[in-house]
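Step one of this worksheet: look at the structure below.
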Amino acid sequence: MTPPPDTPRPATPLLETRGLEAFYGDFQALFGIDFTVGEGETVAIIGSNGAGKSTFLKSITGLIANDKDAIRYEGGAIGSLPAHRVVRLGIAMVPEGRRLFPSLSVEENLLIGATAKRRGTWTLDSVYDLFPILKERRHNPGTALSGGQQQMVAVGRALMANPRLLLCDEISLGLAPVVIKDIYAAVPRITREGTTVVVVEQDINQAMAVADRVYCFQEGRVSLEGRPGALSREQITAAYFGM
Amino acid sequence: MADSPTFSVQRSTPASRAALVMGLVLLALLAAAPLWAGRAELRLLIEIFYYLALAQMWNLLAGYAGLVSVGQQAYVGLGGYALFALSGFLGVPPLLAIVLAGVVAAILAVPTALVVFRLRGAYFAIGTWVVAEVYRLTMAQVSALGGGSGMSLPVDVVRSIAEGRDMREFLVYWVALGIVVLAIAVVYFLLRSRQGLALTAIRDSEPASESLGVNNYRTKFLVYVTVGFVTGIIGALIFLQKLRISPDAAFSVNDWTAFVIFIVVIGGIGRIEGPIIGVVLFFILRELFADYGTWYLMLLGAVAVLIMLRAPRGLWGLVADRFDLELFPVRRSVRLKETRPDA
Amino acid sequence: MDWLNAIVQGILLGGLYAMFATGLSLIFGVMRLVNIAHGDLIVLASFLALAVVEGFAMHPLVSLVVVVPAMAAFGYVLQRGMLNLTLGRDILPPLLVTFGLSVIIQNALLETFSADSQRLQAGALETASLTIADGFSIGVLPLIVFLAAIGIIWGLQTVFYRTALGRAFRATSDDATTARLMGIDNGHVFALAMAVALAVVAVAGVFLAIRTNFDPSIGPARLLFAFEAVIIGGLGNLWGTLVGGIILGVAQAIGAQINPGWQLLAGHIAFLVVLVIRPQGLFPKMQG
């Protein structure tokens, strides 16, 4: 469900940040990020290493503490909520590097994703339906799978929380192009089931292909924003490298 | 066109220079104590000195080398027993025996380290405790040294320290003062040396220091054995003063570890100034509350817990962080000098 | 026969040591915390049982009904209210706080109950024995303790590997940060783990009180036994801890058989030998 071409921004955002700042101790990683995503949109965030993309996602999910009002979700201020409460509200993340639990099997990894006990379409069966290969390997240790399969488990695990908003942090990292395509092929099905998706991507082409809107981060700030079709190569390159 | 500024690496600060002067005055006063202090006061001072020395050593191990030992009582006991064995059975003059006791402790520290270094973190801590227990149980089996009930220092050995009781007490006092100065000096000069830089690096981040080429194992080993040596000397002095030794007293966890840890934690881990503050506070609390027995000990425990939870850098840490103070200059600061640009 | 008896006694004693060690192992596994007050908590349970038995004139084993939930609740509050605050990258705070706690518990017990040696009377159970062969018999009580240890470990394994709570324990142990992303409240999970551990400690404390004389000062020695059993058996493996306890018990029994004063020393030496030749323990499942 994409917004009509002449409204670049959604009217009632599912999630928005205003002037979001983030710090690691004394080090400032984000300098006033303004960001919105509307229900049903797919938004991509691109940018080089250290641009603050992961920090941004960690702020939203509550792994990093922020100003309460800087992040608003479904109209409520969630900036200072701890991570385990954010998930219960319906925001789930596929973390960078997948981060499966080595002591848990594939199926147990998926089950633990449902800790938040939110009702919805995503259950073990529907996740196995989305990624059939996982059903064959359900009792293997989570980390005994190939990179691509592990990524599927990570995505499935996040879906088990039946989120309204799914954040994907660099899910293409370290995977072969064929595998990346397979995983991204699942995204339309996910959005069709009613989950809004935000992806952080190093692969610009992949990001542009899947997103309705794109943000570019550069050194902790938004350097560019718009719809893929409306942005030129030069604009993107300049925004990416901060020229 | 500006020249690039030159810089100098400095150590001392105005505060440290002032502290040095005050410290020397204090040292002179303490050295003269036999002139102005009574017997009970001298005894108290001796106790303060050896607790401060033990605390400096524990601080060096835990605060700098990251080796949290709950077994240093092993070296106190070994030092004590070595003194009794050397002077009681081998006729070594007591004052020399104190130094040799340190050597004995250091020699035993080597195989001990080889074994306990196989453990990490809290498991290392408990491992050192087990080793101390082994030493205690072993000494209790040595009937020549009194077995389970212990022994007194033979009278002729006591007399050989010095002529006359007063002179003996003065001598023991000066030795104690010398030992605490030695302990502080060892820590101070170690931290100022290259080894010290390595230690600070280890304390800040082990993986980082290893990647820079610091041999963590060897540095820690060296520190552990050095601390064992000094702790053995301290133990020898303690039991020379007490004139009697037994396995339970020599290897007491409460006396030689619990109180020492308390002193370091309350005063401030990881800084030389910390244990000094800690020992003062410890003895004040003892003067005020020790009569209350178990309540006093519970108070100590509770204070230690509170400090660890609320002010983990201890009382000195609170002060030093606030005012950026360092009385024992071990840090190096880079001072930039502005140079005038050529006209 | 003496030797056979001694070794069997040692094996059964190992069950008690394994029970001491299980709580310690569990806590380290889930949150990498080593509780220096562990032994003192066992003794606390013993005294709690004493108070209950004397207050309500019940049989020591019945007191479990009160002591186990009480210790579990105490564990939850202790972890949530205090020990959670010490967790982090630095090893000093948990170590020093639990050390302080150890001192507090010992002296609180001393103040409340005095230094007198105590013992819980379990009636006929204490002296009952099963005669296996001529001259060879097993005490019923030590056998019950051993079987209880096995039961407890089996129960914990079931919780760990077959329940949602166990999944949460394992996930939090693997990666506490990502566990939060799943909706797991780490503070709550750690507190539950401590509650479970102290429930086991409670059982161990009651059995200790029946088996031997106890007083407020014997806590630290129990900590050392628990620790040795864990290290010998290998970190992260509860069945390994049982083996570790048995080895320790047998070593002590052999030492005592040679010379009664050598019991403790023999156990410590066995531990040091294992530490030297196989520092990771016999059946390790995780790093220290």
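The values are calculated or read from the model by the stated rules, or taken from the named source; none is laboratory data. The structure presented is a predicted model; accordingly, all values stated were derived computationally and were not measured. Virtual Cβ from ideal backbone geometry, glycine too; neighbours counted across all protein chains shown.
Tabulated data
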| read-out | value |
| --- | --- |
| Some residue of the stretch C:61-69 being surrounded by 23 or more Cβ atoms within 10 Å (Cβ to Cβ), hydroxyl-bearing (Ser, Thr, Tyr) and either at pLDDT 95 or above or in a helix (DSSP H, G or I) (or both) | yes |
| Any hit, the stretch C:176-193, residues being outside any helix (DSSP H, G or I), more than 17 Å from the chain's Cα centre (by Cα) and more than 8 Å from chain A (Cβ to nearest Cβ) | no |
| Test result for B:LEU182, within 12 Å of chain C (Cβ to nearest Cβ), at pLDDT 90 or above and not in a loop (DSSP other than H, G, I, E, B) | no |
| Hits in the stretch C:232-282 - residues which are within 11 Å of another protein chain (Cβ to nearest Cβ), farther than 20 Å from C:ALA221 by Cβ and not in a helix (DSSP H, G or I) | C:LEU235, C:GLY236, C:ARG278, C:PRO279, C:GLN280, C:GLY281 |
| Qualifying residue in the stretch C:136-158 (condition: under 20 Å from the mean Cα position of the chain (by Cα), away from chain B (no Cβ under 14 Å) and more than 21 Å from C:VAL206 (Cα to Cα)) | yes |
| Answer residue from the stretch A:124-160, given it is within 11 Å of chain C (Cβ to nearest Cβ) and buried (at least 24 other Cβ atoms within 10 Å of the Cβ) and is nearest to the chain's Cα centre (by Cα) among those | A:ALA158 |
| Residue that is modelled with pLDDT of 95 or more and either closer than 30 Å to C:ALA176 by Cα or of a type in the set (Ser, Thr, Tyr) (or both), where the choices are C:GLY23, C:GLY39 | C:GLY39 |
| Pick from the stretch A:88-123, criterion surrounded by fewer than 17 Cβ atoms within 10 Å (Cβ to Cβ) and either within 9 Å of chain C (Cβ to nearest Cβ) or modelled with pLDDT of 95 or more (or both), ranking: farthest from A:VAL197 (Cα to Cα) | A:PRO102 |
| Matching residues in the stretch B:108-129 - criterion: being at the interface with chain C (Cβ under 10 Å from one of its Cβ atoms), assigned to a helix (DSSP H, G or I) and among the hydrophobic types (A, V, I, L, M, F, W, C) | B:LEU114, B:VAL115, B:VAL116, B:ALA122, B:PHE124, B:ALA125, B:ILE126, B:TRP129 |
| The stretch C:89-115 residues that are more than 7 Å from every other protein chain (Cβ to nearest Cβ) and free of Cβ contacts under 8 Å to residues at least 24 places away in the same chain, paired with ones that are surrounded by 23 or more Cβ atoms within 10 Å (Cβ to Cβ) and outside any helix (DSSP H, G or I) (beta carbon under 6 Å, 6 or more apart) | none |
| Residue list for the stretch B:259-280, restricted to those being among the β-branched types (Val, Ile, Thr) and modelled with pLDDT of 90 or more | B:VAL260, B:ILE261, B:ILE263, B:VAL264, B:VAL265, B:ILE266, B:ILE276, B:ILE277, B:VAL279, B:VAL280 |
| Residue that is under 24 Å from the mean Cα position of the chain (by Cα) and of a type outside the set (Asp, Glu), where the choices are B:ALA162, B:ALA176 | B:ALA176 |
| Meets criteria (part of a helix (DSSP H, G or I), modelled with pLDDT of 95 or more and surrounded by fewer than 19 Cβ atoms within 10 Å (Cβ to Cβ)) for C:ALA73 | yes |
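Yes or no, residue by residue, for (1) more than 14 Å from chain C (Cβ to nearest Cβ); (2) in a loop (DSSP other than H, G, I, E, B); (3) within 22 Å of B:ILE263 (Cβ to Cβ):
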{"position": "B:SER69", "(1), (2), (3)": "no, yes, yes"}
{"position": "B:VAL76", "(1), (2), (3)": "yes, no, yes"}
{"position": "B:TYR81", "(1), (2), (3)": "yes, no, no"}
{"position": "B:VAL92", "(1), (2), (3)": "yes, yes, no"}
{"position": "B:VAL131", "(1), (2), (3)": "no, no, no"}
{"position": "B:ALA144", "(1), (2), (3)": "yes, no, no"}
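Yes or no, residue by residue, for (1) in contact (Cβ under 8 Å) with a residue 24 or more places away in the chain; (2) more than 12 Å from chain C (Cβ to nearest Cβ); (3) surrounded by fewer than 17 Cβ atoms within 10 Å (Cβ to Cβ):
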site	(1), (2), (3)
B:VAL134	no, no, no
B:GLN141	no, no, yes
B:SER149	yes, yes, yes
B:SER152	yes, yes, yes
B:ASP156	no, yes, yes
B:ALA162	no, yes, yes
B:ARG165	no, yes, yes
B:LEU171	yes, yes, yes
